[in-house]
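Everything on this sheet refers to the single structure shown next.
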Amino acid sequence: MNKKIKSLLLEGKENQAICEIILALNYPTNDIYLEALYTLAKYYEDGVDIPKNLNQAFYWYEKAAVNGHSQSQYKIAYMYDNGICCKKNADKAIAWYNEAIEKKNKYALYEMGQKYSKGDGVEMDKYKAFTYFNLSAQQGLVDAKYQLGMCYLLGIGCDKDFNKAFSYLRGASEEGYLEAIYMIGKMYELGIAVLKDVKISERYYKKAILKGHVDSMYALGNIYYNAFKNEYKAKAYELFLKASNSNHKGAIFFVAYMSNFAIGIPKNITLACDYYKKAITFNDVDAMYYLGMLFYNEKSIYDPMQAYSYLLMAAENSHPKAMSMLGYMFYEGIGVLKDDFMSFKWYMQAANKKDKDAIYHVGYAYYTATGCKEDKQKAIEYFIKGAELNNIPSICMLGYLYEMGDSLPQDYSKAFIWYSKAASQNDIHAMYKLGYMYYVGNGCSKDFIKAFHYTNSAAQMGYMQAQYNLGFFYSEGIGTKKNLKKAMLWYMKAANKGHSKAMLEIGRMYEFGSGVKPDLKEAFSWYLLAANHGNDNAMYNVGFMYQYGQGVNENKLKALHYYNEAQKKGNAEAMYHMGLMYDLQDGVPYDRNQAINWYIKAAKLGHLEAQYNLVLSYQMLGDNYLDEAIYWCKICAQAGHEEAMMHLEELLNLSNQKSR
């Protein structure tokens with residue numbers, strides 16, 4: 001604006017200013033007067049060198065528009081469209097846009113394209129939107145080039161054409177259009193219309209980031225986050241943090257998530273909580289879920305009721321994992337009263353959204369009648385669904401059902417197939433099962449080397465029963481060379497986790513000096529530990545060592561106590577020794593009836609010496625018990641008891657003499 005025009009406008013002499021504008025424009029058309037009006041309006045709109053005055057701008061735009069000036073028609077349409085110095089009026093806006101369009105005004109074409117794209121004041125029409133964007137783009141409007149590129153990319157109002165999309169978007173990007181720069185970066189990142197090239201993508205994102213483009217910060221953050229090198233995680237965090245300052249929902253979540261799980265930065269629970277809560281204000285359902293899990297898992301802020309509150313919030317927003325977790329919380333009574341029916345309800349809702357863990361739990365609920373009626377057929381259906389989604393517990397459960405013949409026909413081959421599928425994904429339980437099946441030859445040929453391999457794999461991963469079995473394999477040289485030191489090592493690992501049989505085996509190794517120096521005191525301590533963990537054989541051994549003072553001071557009453565505890569668990573050896581103590585008056589008063597009673601219990605469980613002692617006891621009671629003596633003597637003889645074989649002939653002779 002020259003000084004004279006400025007002076008005239010400041011003095012309010014607008015008509016004289018118009019004349020000066022006309023002279024200054026030197027416009028070679030008959031529309032020079034209208035162009036002058038437009039220029040005057042623009043001065044007022046922009047407030048360059050004179051005070052901004054939108055009312056005056058509106059007045060002069062309208063004056064020029066009425067007289068057919070296309071850019072003024074666009075401007076007045078835009079002001080009606082947005083309620084600038086006038087009441088918002090969509091009808092007038094559209095009418096003025098159409099007036100300008102008749103003169104092929106590129107800005108008006110673009111705005112009507114936007115209206116048809118969004119259904120703003122007109123019926124949505126993607127084809128018309130595409131047409132208007134195309135016409136505007138042909139006149140070089142960069143905004144229209146971008147929109148046209150997006151139409152071709154997404155197939156809006158036209159067939160998808162990635163090459164044309166790339167061409168228009170690249171053209172817009174070269175003119176500095178930020179969204180286009182971002183989209184070209186995205187196309188290189190994903191390999192759309194071009195060869196995938198993360199380096200070029202990174203270059204475009206960085207170019208947009210320099211101009212403050214938030215989506216590019218987030219996109220480049222994602223590239224760094226997913227990079228193999230950990231050093232990029234810190235860069236990702238910086239970009240997410242920067243984008244979060246502009247309230248980018250996804251970036252806010254990632255700041256929380258990375259702080260929560262110490263990805264690229266030190267763990268910061270307080271920051272994670274703050275950013276999860278910030279993300280929740282944007283209705284981020286994942287943030288609701290992870291904040292709930294944070295309150296559940298993190299000891300420093302453990303609060304099951306808070307966990308329940310946020311998980312419920314996520315579940316009510318259809319988050320499947322939150323639903324599944326609520327199922328677990330109701331099942332265990334964590335943060336809520338235990339309620340199997342509510343547990344089943346939430347598991348079912350999550351299962352309906354194809355949450356594979358919930359599908360397994362629904363199957364298990366039907367299998368165990370937990371929160372629903374028992375239905376083994378439905379249980380199997382859900383286990384199959386879970387297996388199809390590669391849910392490992394479902395796969396293992398199918399293996400178990402086939403192995404045990406429970407609700408499915410017993411089929412070791414099918415059990416072996418299911419366990420193999422789970423084991424191939426490093427499932428520790430399935431590895432243990434395969435080790436056992438190769439050992440016994442169920443569903444496969446016996447193969448001790450493979451049995452050792454799978455058992456060793458499960459043991460190395462900490463599976464207690466596999467650790468015990470591996471100790472057994474080393475002690476017996478099954479599938480590997482016999483190695484008593486390694487046997488002791490693995491028995492010890494299992495024992496430290498509470499495996500009573502491993503404790504028993506360690507006791508035996510100390511008792512008999514297998515791989516270690518014999519030590520009866522050490523043996524006794526391990527037997528006692530195993531007994532306290534409920535092992536009946538260990539209880540018997542403790543009783544035996546108390547009875548005969550081995551590794552511990554002799555104590556007949558304690559011996560009787562441990563024998564009694566062992567017999568309660570069906571230990572025939574303990575029953576036999578209790579019979580001996582009463583029979584031989586060993587620490588207890590002589591009581592033949594008690595002795596016979598315990599011998600009978602042990603004998604019925606197949607204890608050979610108890611059976612033979614019954615023979616002797618009944619014979620001592622006289623001829624009235626001769627039949628009982630013969631009965632048990634025959635059983636002993638058939639089992640190969642040599643004394644019983646010789647004794648049987650004597651008893652039969654006595655029986656014959658008695659019958660005469």
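The values are calculated or read from the model by the stated rules, or taken from the named source; none is laboratory data. Remember, it's a predicted structure, so these values are computed and weren't measured experimentally. Here the Cβ positions follow ideal geometry from the backbone for every residue, glycine too, while neighbour counts run over all protein chains shown. Only protein heavy atoms, including side chains, enter the accessible area calculation; ligands, DNA and RNA are left aside. Shrake-Rupley method; radii C 1.70, N 1.55, O 1.52, S 1.80 Å.
For the pair residue 449 and residue 390, the difference between a 0.36 nm per residue extended length and the Cα-Cα distance amounts to 18.4 nm.
Under the shape rule built on the C-alpha gyration tensor, where the axes satisfy a ≥ b ≥ c, the stretch 515-593 is oblate, since a/c reaches at least 1.5 while a/b does not exceed b/c. One Cα centroid belongs to the stretch 567-611, the other to the stretch 187-213; the line between them spans 85 Å. Altogether, the Stokes-Einstein calculation at 4 °C and 1.567 mPa s, with the Kirkwood radius of the stretch 47-121 over Cα pairs as Rh, returns a diffusion coefficient of 105 µm²/s. Computed from the Cβ-Cβ distance with R0 of 45 Å, the FRET efficiency linking residue 124 to residue 381 stands at 0.55. Add +1 for every Lys or Arg and -1 for every Asp or Glu among the other residues with Cβ under 13 Å from the Cβ of residue 368, and state the total. Net charge around residue 368: -1.
Here the stretch 389-532 is treated as a Stokes sphere of Kirkwood radius computed over C-alpha pairs; at 10 °C and 1.306 mPa s its diffusion coefficient rounds to 100 µm²/s.
Reported value for the chain: 261 Å³ per residue, from the convex hull of its C-alpha atoms.
Of the listed residues 628, 650, 505, 102, the order by accessible area with a 1.4 Å probe, largest first, is 102, 650, 628, 505. Taking 0.36 nm per residue of sequence separation and removing the Cα-Cα distance, the residue 262/residue 655 pair yields an extension gain of 132.8 nm. Residues 203, 170, sorted by accessible area with the largest first, give 203, 170 [1.4 Å probe; ligands and nucleic acids excluded]. Every helix of 4 or more DSSP H residues in the chain counts as -39500 (n - 2.57), and over all residues that averages to -23000 deg cm²/dmol at 222 nm.
Taking other residues whose beta carbon is less than 15 angstrom from the beta carbon of residue 328, and scoring Lys, Arg as +1 and Asp, Glu as -1, yields -1. Compared with the direct C-alpha span, the chain from residue 620 to residue 332 gains 97.6 nm at full extension, assuming 0.36 nm per residue.
Distance between the 7 Å Cα→Cβ label points at residue 139 and residue 270: 5.8 nm.
For the stretch 116-150, the residues whose backbone nitrogen is under 19 Å from a point 7 Å from the Cα of residue 159, taken along Cα to Cβ, are 126-128, 130-131, 134, 148-150.
A simple spin-label model places pseudo-atoms 7 Å from Cα toward Cβ; at residue 299 and residue 639 they are separated by 5.3 nm. Once a ≥ b ≥ c are taken as the square roots of the eigenvalues of the Cα gyration tensor of the stretch 188-243, is the result rounded (a/c under 1.5), prolate (a/b larger than b/c) or oblate (a/b not larger than b/c)? Oblate. Peptides 76-89, 278-291, 635-648, 249-262, ordered by how many other C-beta atoms sit within 10 Å of their residues on average, highest first, read 249-262, 278-291, 76-89, 635-648. A Förster distance of 22 Å, applied to the separation of the beta-carbon atoms of residue 584 and residue 521, puts the FRET efficiency at 0.25.
Think of each Lys and Arg Cβ as +1 and each Asp and Glu Cβ as -1; about the Cα centre, that makes the dipole of the stretch 547-660 roughly 380 debye.
Roughly what percent of Cα-Cα pairs across the stretch 228-345 reach past 25 Å? Value for the stretch 228-345: 28 percent of Cα pairs lie more than 25 Å apart. Between residue 92 and residue 483, the FRET efficiency estimated from the beta carbon spacing at R0 = 60 angstrom works out to 0.05. Dipole magnitude for the chain: about 1740 debye, using +1 per Lys or Arg Cβ and -1 per Asp or Glu Cβ, origin at the Cα centre.
Residues of the stretch 118-134 with an amide N closer than 20 Å to a point placed 7 Å from the Cα of residue 84 along the Cα-to-Cβ direction: 120-121.
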